[in-house]
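Down below is the structure, laid out as C-alpha cells.
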Amino acid sequence: MKGITKIILKIFCFSFSGLIFLSGCTVERKLAKQFVEIRQNTSVLLIPANFVYKYNLKTYEVAGESWMDEATIDSVLFYRSLFVQYVSDSVFLETYMNELINGLRKRKLNVYLEPDTDVFLNASGDKYLLNVAQLMMEETVERVFDPEYDPEYEYVGDIYLNKIVLSSWFEISAVTENNPDKSLVYSDLYMNDYFEGRLRYFPFTGRMAYTYNIDSIDINDIYTMAYAAGNRYSGYIFDYFMNRYIERNIPNGDDRILYFRYDLLNRSLKPSLDERFIILE
C-alpha cells in the first residue's frame, strides 16, 4: 500500500506542477493576445545605422606577412575580398531599413523617423526609441566536410564555401514606461555558397566517386540578404515589445515560462525557441 500511495503522490505532484505550468502559459498567452489587439497603440522612433562595418576574415591570405600591423592587415584583407569591398553601404542600408520599416508597419506598429520626432513625442500609447546601433558584415569560408566524421571527406578532401555573416545590434529604449530602461539586443544572419553533392557507385567499374556542384553567392545575393534581415528583425522587434508587455503586466510572483513570437502569416502566437533576439543587457 505504501508503494501505491507513493506512486499516487508522484502522479498528483506531476499533474499539479503541469497545471501550474499550463496556467502560467495561459496567463502569458492572454497577455500576448492582448498586446496584439492593442498593438496600434505602440509607436517607434527609428534611428538608422549610418554605415556597415565590413571585414574579410580570410587571414590565410596574409599568412607569413609578419611585418604588417593589425590595421594594415585589415586593409589588405579588405581589398583582397571577393565581396565586402564591392558592397555599397547606401544600397544595402536602404534595402535593410526599408524592409525593417515595412515589416513593423505590416505588424501595425506606428513607425517614425527622426524628422518626425515631434509627432512621435506627441503620440499616445507606448513609445520606444529603436536605434540600429551597429551592423557588421564579415566575409569568411566554411569547410563542407569534417574529416573526423564525414566519410565523403575521403573522396573529395577539403572543400570550402564562401560565407557572409551579417551581425546586427539594436538599442531599444522605453520612453513612456514608469521605470524606463534600455536594452541592447543582438542577432546574426548568414549565407554561403550553395553546395549539392552525392556519392555515386559505378557498377561496371566497381568505383565510387563523389560528384558535386557549387553555386557561388554574388553581390545581388548580399543585397537580398539585407532584405531578409530587415524582414526578420521587424518580427523580432515586434516580439520584443510583446514580451516586454507581458513582463510588465504579468501578476506579481508569476515567473515567465515562454517567450512568444507572433506569426504574421498565420496570425497566430507560438513559442519562439531560437527565433528571437539575444538580449545582451
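The values are calculated or read from the model by the stated rules, or taken from the named source; none is laboratory data. These figures come from a predicted structure and were not determined experimentally. Backbone-built Cβ (ideal geometry, glycine too); neighbour counts: all protein chains shown. Surface accessibility is based on the protein's heavy atoms, side chains included, excluding ligands, DNA and RNA. Shrake-Rupley method; radii C 1.70, N 1.55, O 1.52, S 1.80 Å.
Brief remarks follow.
- Here region 139-179 is the region considered, the condition is being among the polar types (S, T, N, Q) and in a loop (DSSP other than H, G, I, E, B), and the residue that is farthest from PHE277 (Cα to Cα) is ASN178.
- Subset of region 75-91 (residues that are open to solvent by less than 70 Å² (accessible area, probe 1.4 Å) and of a type outside the set (S, T, N, Q)): VAL76, LEU77, PHE78, PHE83, VAL84, VAL87, ASP89, VAL91
- Within region 145-168, the set of residues being within 15 Å of TYR212 (Cα to Cα) and of a type in the set (A, V, I, L, M) comprises VAL156, ILE159, LEU161.
- Single condition PHE260 does not satisfy, out of (1) touching a helix residue (DSSP H, G or I) at 6+ places or on another chain (Cβ under 6 Å); (2) at pLDDT 90 or above; (3) open to solvent by 40 Å² or more (accessible area, probe 1.4 Å); (4) among the hydrophobic types (A, V, I, L, M, F, W, C): (3)
- PHE277 vs. criteria more than 20 Å from GLN40 (Cβ to Cβ) and crowded, with 18+ Cβ neighbours inside 10 Å: yes
- Breaking point among (1) surrounded by fewer than 19 Cβ atoms within 10 Å (Cβ to Cβ); (2) at pLDDT 95 or above, for SER124: (2)
- Matching residues in region 176-208 - criterion: being open to solvent by less than 60 Å² (accessible area, probe 1.4 Å) and of a type in the set (A, V, I, L, M): LEU184, VAL185, LEU189, MET191
- A search for C-beta distances below 6 Å between a residue of region 266-278 that is in contact (Cβ under 8 Å) with a residue 24 or more places away in the chain and farther than 15 Å from GLU28 by Cβ and any residue that is open to solvent by less than 60 Å² (accessible area, probe 1.4 Å) and aliphatic (A, V, I, L, M), counting only pairs 6+ apart in sequence or on different chains, returns PHE277/VAL185.
- For region 133-151, the candidate set comprises residues that are modelled with pLDDT under 95 and surrounded by fewer than 18 Cβ atoms within 10 Å (Cβ to Cβ); within that set, the residue that is farthest from the chain's Cα centre (by Cα) is PRO151.
- Residue that is modelled with the highest pLDDT, among those in region 228-256 that are open to solvent by 60 Å² or more (accessible area, probe 1.4 Å) and more than 25 Å from ILE47 (Cβ to Cβ): ASN249
- Hey, GLU65 more than 28 Å from ARG256 (Cα to Cα), modelled with pLDDT of 95 or more and in contact with a helix residue (DSSP H, G or I) (Cβ under 9 Å, 6 or more places away or on another chain) or not: no
- Members of region 126-142 found to be among the hydrophobic types (A, V, I, L, M, F, W, C) and under 17 Å from TYR240 (Cβ atoms), listed by number: LEU129, LEU130, VAL132, ALA133
- Scan region 52-73 for residues that are in contact (Cβ under 8 Å) with a residue 60 or more places away in the chain, open to solvent by 20 Å² or more (accessible area, probe 1.4 Å) and in a loop (DSSP other than H, G, I, E, B) and the total you get is 1.
- Scanning region 165-210 for residues that are touching a residue at least 12 places away in the same chain (Cβ under 8 Å), more than 30 Å from ASP126 (Cβ to Cβ) and not hydroxyl-bearing (Ser, Thr, Tyr) gives VAL165, MET191, ASN192, ASP193, PHE195, GLU196, GLY197, ARG198, LEU199, MET208, ALA209.
- Pairs linking a residue in region 137-160 that is without any contact (Cβ under 8 Å) to a residue 12 or more places away in the chain and farther than 13 Å from ARG198 by Cβ to a residue that is hydroxyl-bearing (Ser, Thr, Tyr) and in a helix (DSSP H, G or I), with Cβ atoms under 8 Å and 6 or more positions apart or on different chains, are ASP146/TYR153; PRO147/TYR153.
- Some residue of region 43-57 being of a type in the set (Gly, Ala, Ser), at pLDDT 95 or above and within 23 Å of LEU135 (Cβ to Cβ): yes
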